1. Taking the criterion of being under 26 Å from D431 (Cβ atoms) and either in contact (Cβ under 8 Å) with a residue 12 or more places away in the chain or buried (at least 22 other Cβ atoms within 10 Å of the Cβ) (or both), would at least one residue in region 214-228 satisfy it?
2. Can you name the condition, by its number, that R132 falls short on among (1) within 16 Å of the ligand (Cβ to nearest atom); (2) in contact with a helix residue (DSSP H, G or I) (Cβ under 9 Å, 6 or more places away or on another chain); (3) farther than 30 Å from E395 by Cα; (4) touching a residue at least 40 places away in the same chain (Cβ under 8 Å)?
3. Return the only residue of V263, V232 being at pLDDT 95 or above, of a type in the set (A, V, I, L, M) and not in a helix (DSSP H, G or I).
4. With a cut-off of at least 3 residues that are at pLDDT below 95 and surrounded by fewer than 21 Cβ atoms within 10 Å (Cβ to Cβ), name the helices (runs of 4 or more DSSP H) lying wholly within region 429-502.
5. What number goes with the only condition from (1) closer than 18 Å to T35 by Cα; (2) touching a residue at least 40 places away in the same chain (Cβ under 8 Å) that V79 does not pass?
6. Give me the residue from region 28-43 that is aliphatic (A, V, I, L, M) and part of a helix (DSSP H, G or I) and, out of that set, nearest to the ligand (Cβ to nearest atom).
7. Examine region 83-100 for a residue that is surrounded by 14 or more Cβ atoms within 10 Å (Cβ to Cβ) and under 15 Å from Y134 (Cβ atoms), and state whether such a residue exists.
Amino acid sequence: MTVTLEPNPLLEGLRLRRRPDPCLLVIFGASGDLTAKKLMPALYALALRRLLPERFGVVGAARSEESDDEFRERMKKAVQDHARDPFRDDVWEELADGMRYVTLDFADDHGEDELARTLAELDEERETEGNRVYYFAVPPSAIGTLVEEIAERRTADGWIRLVIEKPFGHDLHSARELNAQIQQHFSENEVFRIDHYLGKETVQNMLALRFANGIFEPIWNRQFIDHVQITVAESIGIEGRAGYYEQAGAIRDIFQNHLLQLVAITAMEPPIDFTADSVRNEKLKVLKAMHTPGPKHIVRGQYGLGFVEGVEVRGYREEDGVAQGSMTETFVAAKLFVDNWRWADTPFYVRMGKRLARRETTIAIQFKRAPHPPFEDAGQELRPNVLLIHVQPNEGVSLAIGAKVPGQGMAIRTVHMDFLYGGAFREGLPDAYERLILDAMLGDATLFTRSDEIEEQWALVDAVVAFWQRDRPSFPNYAAGTWGPSGAEELLARDGRSWGRH
Ligand SMILES: NC(=O)c1ccc[n+]([C@@H]2O[C@H](COP(=O)([O-])OP(=O)(O)OC[C@H]3O[C@@H](n4cnc5c(N)ncnc54)[C@H](OP(=O)(O)O)[C@@H]3O)[C@@H](O)[C@H]2O)c1
């Protein structure tokens, strides 16, 4: 089947980006879940849109034994199953032609020579000038040795970029160690630490909304904003990843990275330009200005048996591979403060968890009430203005405003002014990984986390985890399919507020 992409006049001028230099992409962890579900479909989407370098190749590496052909076949199936675009043989063949697979065990030296040989051959064949992107889709423990190996074999030809998946370390100590190990051989502009939320269009749109419009910035502060609510809710459980999740919990899986980055982007000062350092300097200031929430300001939870979308699901402790008395949290809610002139005393209420009522990531900016509404009938129907950013799903922005109900009298009710991506741009949103892989190839680190940001994020998490050691909450404390433990509601109720039901 031949599929042509319809030109979309609304997108004209939006795609005037450079094409990356010729290069080879090495994926460590090529037999894993991430490669099949995200990386390969993203590469296919880029190939389809002719955004990959003209001269390009992919080398997959993992422990599993596989031939080049088996690897290509498995990746073809992954693209057919997970890509957002229809499958086109010609596009796939062109991409697959430059694909190789190497069996490699990071734990010993086995396979490193073969990888070097394959890279040299492919380099010559595809004329990729020695340029390499190394993508680490592997557990953090494997990264250090690989980095050393890459550094040792570095030649004067071409550039090297290291793309490193989250989680980056397990705590501040391990993250510092890993940063130090990398920085011994590579400069910061060669390192691309992934937080895939930053690759999401809607997260970037928060920056567009704030800094491309004149109307929001003057009111984006403690004088006009009552509080901010950020929700990162998943309806799925741990999907067979108990080994990882038992060690991580919600605090390391979501809070340490995605959640704190969303707070930073919401709260940051306008950067002087959209370059990597300007944007990251401003985010860093926010992270530095946040203090650790005290025990009363942070709530943790673990799901028990319940119903999600009408289907009965097991509790966390009953999931395969989870310890019977596991104390791992699957939910966190917190009241955070950013101590600076813009935000002093303005709470940022955040919550995130698994097996919640539905999948939803939102940032809600709740403005203060009108000081003196002169309408008697407004009553409870009139809620304060809320600017709601739907990060996913139903990507878009919605502004809740009071409007007059048609008819006699001055009855006022809250209505919504909506902007939906699908409606405005008539094109499916690219997956975050498309943008991030392309940016790494282009050497643009704006949407990646810098070492100092990662370390600030871990410092906050370590402080929370330290006081969590002192008590044992009674788990499970929320039923699957609800919005978390009652403590999360109380966190806001104490301040006379409640979570929005968007
Ligand atoms: N899956 C996701 O959606 C997702 C999302 C965000 C971040 N991440 C992060 O991405 C990374 C990979 O995740 P994943 O879900 O793809 O994990 P996974 O399915 O467990 O895959 C891990 C990969 O690493 C390879 N590997 C592990 N130890 C190795 C060793 N000693 N030598 C050679 N290869 C080794 C495995 O190879 P073999 O199987 O051949 O041994 C496999 O290809 C993790 O850091 C994860 O936290 C994943």
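The values are calculated or read from the model by the stated rules, or taken from the named source; none is laboratory data. Values in this document were obtained by computation on a predicted structure and should not be read as measured data. Every residue, glycine as well, gets a Cβ built from its backbone with ideal geometry; the counts of neighbours run over all protein chains shown.
1. No; the residues of region 214-228 include none that is under 26 Å from D431 (Cβ atoms) and either in contact (Cβ under 8 Å) with a residue 12 or more places away in the chain or buried (at least 22 other Cβ atoms within 10 Å of the Cβ) (or both).
2. R132 satisfies all of (1) within 16 Å of the ligand (Cβ to nearest atom); (2) in contact with a helix residue (DSSP H, G or I) (Cβ under 9 Å, 6 or more places away or on another chain); (3) farther than 30 Å from E395 by Cα; (4) touching a residue at least 40 places away in the same chain (Cβ under 8 Å) except (1).
3. On inspection, the qualifying residue turns out to be V232.
4. In region 429-502, 451-468 are the helices (runs of 4 or more DSSP H) which contain 3 or more residues that are at pLDDT below 95 and surrounded by fewer than 21 Cβ atoms within 10 Å (Cβ to Cβ).
5. Evaluating V79 over (1) closer than 18 Å to T35 by Cα; (2) touching a residue at least 40 places away in the same chain (Cβ under 8 Å) leaves (2) as the failure.
6. L34
7. Yes, region 83-100 contains at least one residue that is surrounded by 14 or more Cβ atoms within 10 Å (Cβ to Cβ) and under 15 Å from Y134 (Cβ atoms).
A quick yes/no check of all residues on (1) touching a Leu at 6+ places or on another chain (Cβ under 9 Å); (2) closer than 21 Å to D471 by Cβ:
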{"site": "G240", "(1), (2)": "no, no"}
{"site": "I254", "(1), (2)": "no, no"}
{"site": "V263", "(1), (2)": "yes, no"}
{"site": "A267", "(1), (2)": "no, no"}
{"site": "E282", "(1), (2)": "no, no"}
{"site": "G294", "(1), (2)": "no, yes"}
{"site": "D320", "(1), (2)": "no, no"}
